[in-house]
Amino acid sequence: MAKTINIGIDIRDLKTATTGQKTYLEELCREFRLLNSECRFYFFDTSLPVYTGERKLLKLLEHVNLHIWKQVTLPIKAWLKKCKLVFCTDYFVPYLHLGFETATVFHDAFFFENPEHYNRIFFWFFKVVALPSAKRCRHIIVPTDYARQRIHQYTGIPLNKLVRIYEGPKTLPHTPLPAATTPTVLEQYGLKEGQYLLHVGIMNKRKNIPALILAFKQLKEAGYSYKLVLAGNPVAKKHINDTDKIYQTIEDQQLQKDVVFTGYLSNESLAVIYQHAFFYVFPSLNEGFGIPILEAFSYDLPVLVANNTCLPEVGGDAVLEFDPYDVNDIGAKMCQLIEDPALRNRMIVQGRERLQQFSWKKATQEITALFINELSGEKK
């Protein structure tokens, strides 16, 4: 009978993470709890309050609090439970190993590509604490081959230490929702089934939403009556928040009645918005993975993506690509998809097939197998 391996999972990040990073940890934890393996998982969280506001002094104290958790509290908790490995999904892991190994996730190379987008103190902690601690891990998990190459380029971490494990789509409702739910959600935003294009994501500058709006204007000028739905919140960090430019672009193009902002949506409402869209557009300039591509596939939506970073890798042959720096190309590809039913149908089928390569169950199995292989020498 195989000896049980105790593995600690740091879930403190669920108190602070948003968007894809939060989805990643939530989905893995759900699958870890369902997994039947020789691993016993312990989920470690802090009992102290976590500050998520914008007051500078309290943000500084929160940085200190985070690193006390990572470098003192978490290692002690893991040691007391006799963990053989501690897994953190937010870049930061304990530097000291109290009888355990560590593993972490680098979701992208944004820290290195755009350091000006991050709080100086947080970035200092990242360079001085997080990166040296991560380099002590036997392996670092990354979401795509693109991210793997970029992280290697900026950090010098050997490629054989960077393990690519694909993610999956966020778990959203797919069973028929109550009869009253769909019209209520669509009516709330003035939408009609199949009469809007969709983008899901925060209003971050790298999301390239103003270019999407300009391309959408070309559709309106061509006589199409679709609306554009932007589902997502503004970004708290001022230097990467593109909300003002987005609103100004809408005003300049006189699209106030045609662009719909939903803000944050519950899983149920987001499912409705996905289910009844015409197609999905992803014009981002930089991504580490791109979970919305898979979400759109899961709702049988044709998907258009920027031809850069990891998006073609995730979308494969199931997406239609465009140059995100060329508004005319974005507009032309959207028109092509509208005017070609055979293309849409083919993309829907290819999207279903492509989606089979991605799931959180598969990701969890690969991560667990990696852990067991890392620790196999200690079991002997």
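Computed from the mean reciprocal separation of all distinct C-alpha pairs, what Kirkwood hydrodynamic radius does the chain have, in Å?
Values: mean 1/r = 0.0452 Å⁻¹.
The Cα-based Kirkwood calculation yields 22.1 Å.
Can you give the FRET efficiency to the nearest 0.05 for Ser225 and Lys81, using r as the Cβ-Cβ distance and R₀ = 51 Å? Walk me through the numbers before you get to the answer.
On the way: r = 59 Å, r/R0 = 1.16.
So the FRET efficiency works out to roughly 0.30.
Using only the alpha carbons of the stretch 1-146, determine the length spanned along each of the three principal axes and report them from longest to shortest in whole angstroms.
Result for the stretch 1-146: principal-axis Cα extents of 52, 36, 26 Å.
At a Förster distance of 41 Å, what's the computed FRET efficiency of Asp317 paired with Lys361, Cβ-Cβ distance as r, to 0.05?
The calculated FRET efficiency here is 0.95.
With every protein chain kept in place and ligands, DNA and RNA left out, what is the accessible area per residue of the chain? Probe 1.4 Å, answer in Å².
46
I'd like the antiparallel share, as a percent to the nearest 5, of DSSP beta bridges with both residues in the chain.
Given both bridge residues lie in the chain, the antiparallel proportion sits at roughly 5 percent.
If you find the alpha carbon centre of the stretch 312-380 and of the stretch 102-156, how far apart are they in angstrom?
For the stretch 312-380 versus the stretch 102-156, the Cα centre distance is 23 Å.
Counting only protein heavy atoms, what percent of the accessible surface of the stretch 259-357 is carbon or sulfur at a 1.4 Å probe?
Here it works out to 46 percent.
About the Cα centre, and with charges only on the beta carbon of Lys, Arg (+1) and Asp, Glu (-1), how big is the dipole of the chain? Nearest 20 debye, please.
1680
Per DSSP H run of n ≥ 4, the term is -39500 (n - 2.57); total these for the chain, divide by its residue number, and report the mean residue ellipticity at 222 nm rounded to 500 deg cm²/dmol. Spell out each step's value before the answer.
Details: 16 runs with 163 residues, N = 380.
Taking each H run of at least 4 residues, the total per residue is -12500 deg cm²/dmol.
Take peptides 119-128, 275-284, 363-372 and line them up by average Cβ neighbours within 10 Å, highest first, as a rough protection proxy. Mind dumping the intermediate values first?
Numbers: 119-128: 13.7, 275-284: 22.7, 363-372: 18.2.
The packing order, highest mean first, is 275-284, 363-372, 119-128.
Given a Förster distance of 25 angstrom, what is the FRET efficiency for Trp124 paired with Asp244, based on the Cβ-Cβ distance and rounded to 0.05?
Efficiency at R0 = 25 Å is approximately 0.30.
When a/c is below 1.5 the answer is rounded, else prolate if a/b is larger than b/c, else oblate, so apply that to the stretch 207-309 with a ≥ b ≥ c taken from the square roots of the Cα gyration tensor eigenvalues.
rounded
The values are calculated or read from the model by the stated rules, or taken from the named source; none is laboratory data. Predicted model only: the values in this text are computed from it and were never measured. Counting neighbours? That spans all protein chains shown, and the Cβs are built from the backbone with ideal geometry, glycine included. Ligands, DNA and RNA are excluded from the accessible area calculation, which covers all protein heavy atoms including side chains. Shrake-Rupley method; radii C 1.70, N 1.55, O 1.52, S 1.80 Å.
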